[in-house]
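Asks: The structure under discussion is supplied below as structure tokens; questions concerning it will follow.
The values are calculated or read from the model by the stated rules, or taken from the named source; none is laboratory data. Not measured: the values here are computed from a predicted model. For neighbour counting, all protein chains shown are included, and Cβ atoms are generated from backbone atoms with ideal geometry for every residue, glycine included. Quick note on the areas: whole protein, heavy atoms, side chains included, nothing else; ligands and nucleic acids left out. Shrake-Rupley method; radii C 1.70, N 1.55, O 1.52, S 1.80 Å.
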Amino acid sequence: MNHLKVLALSAGALTLVPGLALAHGSMRPSHGGVVQMSGEIMVELVTKPKALEIYVTEEDEPIPAADFDGTLIVTAPGGAKTRSALKAVSGNKFVSSGRPGSGSKVVVSLIEKKSSAKTFASFTMK
Amino acid sequence: MTQTSPALKVTAALAAGFALLAVSLPVEAHSIWFAQRARQLALIYGVGADDLDAVGRMDKITSVTGFDENWQPVETSLRATGVIPVVDSEEPVSVVAAVMDYGDWVKMPDGEWHSANRKQFPDAVISEHNYKYAVHIKEMPKGAIPMIPGHKLQLVPATSVLPQSMGNPIVLKAYYDGKPTAGVQIITDYVNDPDQLPLVTGADGTITFPVRNQGLNVVTAIYLEKPKDTSVYDHFEHRATLSFVLPHKPE
């Protein structure tokens, strides 16, 4: 009987151990940009002199940019809002048609073509 | 002598308050609320763990609205994806809301419900018209959450910040017709405990209770409006949910 009690207490102690937090991919940028996680998709925004580059990954795996319709929504500090298409150039990379000004709020909107599921990631330009 | 932690004292005080406030009114019918499904925000129609046919009831949705962090409207709609209606917005939303007009319902002496009113069924023991509302907070907007047009009954957080841990008290205020309203029934965990004895809002329309889940919380408010003329309807049932998510530990 005592053995059973010990066994039960041991099992209880085991179940009380905090669960290990499992990471689902690295949150480190791969191209020197800034990253945002949206659901399971990691969006990395890289600022170039005349454009933005956007890279998408899921659990460290690149996702084909061609699978998405991408839009860049820019809200300038004064409140003016513009939308422009993101161009899927290769692999998991999109490129914008221009570079938003400092202080602008930038939303990367991705619509998966197959499911129409939407993913948003928000950034503020430095 | 044992010592009681401040948190336990708060919990004990709240529990005592619940006992005084709890009422034993029957709660029937279903609610609508928002919850995440496959990374998307979905509209759910059901009760408890019953996630019923919301796509088939999309024609009863009379409005879907979304607002950003500055409470600027964001073009928002529902899109049927297979068996689930998901929120489709042009930009990220902080708060999304929906209204459903669920129409006339009568309960007959044999216990069956029909979509009709007492004009068609004079023998009905209950004749009502049902309205359902849902508000989901993805993130608290910068200012107080105002009344949303079309939401005759609405639950609003009384504070600018939501608790971050289950068990911590949350203060909500129930508004009917834009005014804080006493006597609104509150079910604090509609998904996991739908048969809970409802609490009721106090004189100032507020209700305080410990947040139930470190995850999705769906709080339901129910208010029965008495019509001036009760020959056709005994009441109009207004049923509003407020849903929000407490975050889990970082992965």
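Asks: Hey, how many Å between the Cα centroid of region A:89-120 and the Cα centroid of region A:20-87?
Replies: Using only Cα atoms, the two centres lie 6 Å from each other.
Asks: Counting partner chain Cβ atoms within 10 Å of every residue's Cβ in B:146-159, what's the average? The partial results should precede the final answer.
Replies: Details: counts 0, 0, 0, 0, 0, 0, 0, 0, 0, 0, 0, 0, 0, 0.
Counting other chains' Cβ atoms within 10 Å and averaging over B:146-159 gives 0.
Asks: Follow-up. Name all residues of region B:48-66 having a backbone nitrogen under 20 Å from the label point set 7 Å from the Cα of B:Ser115 along its Cα→Cβ direction, giving them as ranges.
Replies: So the set is B:51-64.
Asks: Could you work out the relative contact order of chain B? I mean the mean sequence separation of Cα pairs under 8 Å and 6+ apart, divided by the number of residues, in percent.
Replies: Values: 586 pairs, mean separation 47.8, N = 251.
Reported as a whole number, the value is 19 percent.
Asks: Work out how much length B:Ala80 to B:Leu224 would gain on full extension: take 0.36 nm times their residue separation and subtract the Cα-Cα distance, in nm to one decimal. Display every interim value, and only then the final one.
Replies: Numbers: separation 144, 0.36 × 144 = 51.84 nm, distance 3.10 nm.
Stretched fully, the B:Ala80-B:Leu224 segment lengthens by 48.7 nm.
Asks: Hey, rough spin-label estimate for B:Leu197 and B:Asn213, points 7 angstrom out along Cα→Cβ, what's it come to in nanometres?
Replies: Distance between label points: 2.3 nm.
Asks: While we're looking at this one, here's another question. With each run of n ≥ 4 DSSP H residues scored as -39500 (n - 2.57), what mean residue ellipticity at 222 nm is computed for the protein assembly as shown after dividing by its residue count and rounding to the nearest 500 deg cm²/dmol? Walk me through the numbers on the way to the answer.
Replies: Details: 2 runs with 31 residues, N = 377.
The helix-only estimate for the protein assembly as shown comes to -2500 deg cm²/dmol at 222 nm.
Asks: Residues of region B:31-65 losing 10 Å² or more of accessible area relative to the isolated chain, 1.4 Å probe, heavy atoms only?
Replies: Relative to the lone chain, where solvent access is computed with a 1.4 Å probe, region B:31-65 loses at least 10 Å² at B:Arg39, B:Gln40.
Asks: Also, I was wondering about something else. In whole percent, and with a 1.4 Å probe on the protein chains, what portion of the accessible area of region B:106-251 is carbon and sulfur?
Replies: On the way: 3610 of 6730 Å².
Carbon and sulfur together cover 54 percent of it.
Asks: Over region B:107-251, what is the mean sequence separation of C-alpha contacts under 8 Å (at least six apart), divided by residue count, expressed as relative contact order in percent?
Replies: Values: 310 pairs, mean separation 41.2, N = 145.
Contact order relative to length: 28 percent.
Asks: Can you pull out the GluC sites (Glu not before Pro) in region B:101-154 that DSSP calls coil and that have at most 11 other Cβ atoms within 10 Å? Show your work: numbers first, answer last.
Replies: Numbers: sites: B:Glu112, B:Glu128, B:Glu139; in loops: B:Glu112, B:Glu139.
Listed in order of number, the matching sites are B:Glu112.
Asks: Let me ask another. Highest mean first, what order results for B:190-199, B:141-150 on Cβ atoms within 10 Å? Spell out each step's value before the answer.
Replies: On the way: B:190-199: 17.8, B:141-150: 14.1.
Ranked by mean Cβ neighbours within 10 Å, highest first: B:190-199, B:141-150.
Asks: If you average the C-alpha positions of region B:177-251 and of region B:96-143 separately, how far apart do those two centres end up, in angstrom?
Replies: About 14 Å separates the Cα centre of region B:177-251 from the one of region B:96-143.
Asks: Further question on the same structure: I need the peptides B:211-217, B:231-237 ranked by packing, meaning the mean over residues of other C-beta atoms within 10 angstrom, with the highest value on top. Intermediate values should be presented prior to the final figure.
Replies: Details: B:211-217: 18.4, B:231-237: 16.7.
Ranked from most to least packed, the peptides come out as B:211-217, B:231-237.
Asks: May I ask you to find the residues of region B:85-102 that are shielded by at least 10 Å² of accessible area once the whole protein assembly is considered instead of their isolated chain (probe 1.4 Å)?
Replies: Checking the loss per residue gives B:Asp88, B:Ser89, B:Glu90, B:Glu91, B:Pro92.
Asks: Over region A:25-124, what is the relative contact order in whole percent, taking alpha-carbon pairs under 8 Å and six or more residues apart?
Replies: Numbers: 229 pairs, mean separation 24.8, N = 100.
Once divided by the residue count of region A:25-124, the mean separation gives 25 percent.
Asks: Let me ask another. At 7 Å along the Cα-to-beta-carbon direction for both A:Glu61 and B:His248, put a label point, then send me their distance in nm to one decimal.
Replies: Placing both labels 7 Å along Cα→Cβ, they lie 2.0 nm apart.
Asks: Among all the lysines, which ones have a C-alpha under 24 Å from A:Lys113's C-alpha, if same-chain residues fewer than 8 places away are not counted?
Replies: Filter leaves A:Lys87, A:Lys93.
Asks: Counting only other residues whose beta carbon sits under 11 Å from that of B:Pro73, what net charge do I get with K and R as +1, D and E as -1? List each step's numbers first, then the result.
Replies: Details: positive: none; negative: B:Asp68, B:Glu75, B:Glu90, B:Glu91.
Combined, the nearby Lys, Arg, Asp and Glu give -4.
Asks: For A:Lys81 and A:Arg28, compute 0.36 nm times the residue count separating them, minus their Cα-Cα distance, and round to one decimal in nm. Don't skip to the answer; put the middle values down first.
Replies: Values: separation 53, 0.36 × 53 = 19.08 nm, distance 2.97 nm.
Separation in residues times 0.36 nm, less the Cα-Cα distance, equals 16.1 nm.
Asks: For B:Lys107, go through the lysines and keep the ones whose alpha-carbon is under 23 Å away, minus same-chain ones fewer than eight residues off.
Replies: Those lysines meeting the cut-off are B:Lys60, B:Lys119, B:Lys132, B:Lys226, B:Lys228.
Asks: With a 1.4 Å probe and all protein chains left in place, how much accessible area per residue does the protein assembly as shown have, in Å²?
Replies: Numbers: 19810 Å² over 377 residues.
Result: 53 Å² of accessible area for each residue.
Asks: Next up: Over the Cα atoms of chain B, compute the convex hull volume and normalise it per residue, giving Å³. Write down the numbers at each step before the final one.
Replies: Values: hull volume 38.8 nm³, N = 251.
Taking the convex hull of the Cα positions in chain B, it is 155 Å³ per residue.
Asks: Say a paramagnetic label sat at a point 7 Å from the Cα of A:Lys48, along Cα to Cβ; which residues of region A:84-126 have their backbone N under 16 Å from it?
Replies: Correct set: A:85-100.
Asks: Which percent of the accessible area of region A:25-124 is formed by carbon and sulfur heavy atoms (probe 1.4 angstrom)?
Replies: Values: 2500 of 5070 Å².
That fraction is 49 percent.
Asks: Compute accessible area for region B:208-251 by itself and then with all protein chains, 1.4 Å probe, and report residues whose area falls by 20 Å² or more.
Replies: Buried on complex formation: B:Glu251.
Asks: How much length would be gained if the chain were fully extended between B:Thr206 and B:Val125, taking 0.36 nm per residue of separation minus their Cα-Cα distance, in nm to one decimal? Write down the numbers at each step before the final one.
Replies: Values: separation 81, 0.36 × 81 = 29.16 nm, distance 3.21 nm.
Fully extending the segment from B:Thr206 to B:Val125 adds 26.0 nm.
Asks: Roughly how large is the B-A contact in terms of buried accessible area, totalled over both chains, probe 1.4 Å, nearest 100 Å²? Let's see the in-between values first.
Replies: Numbers: alone 12820 and 8320 Å², together 19810 Å².
Chains B and A together bury roughly 1300 Å² of accessible area.
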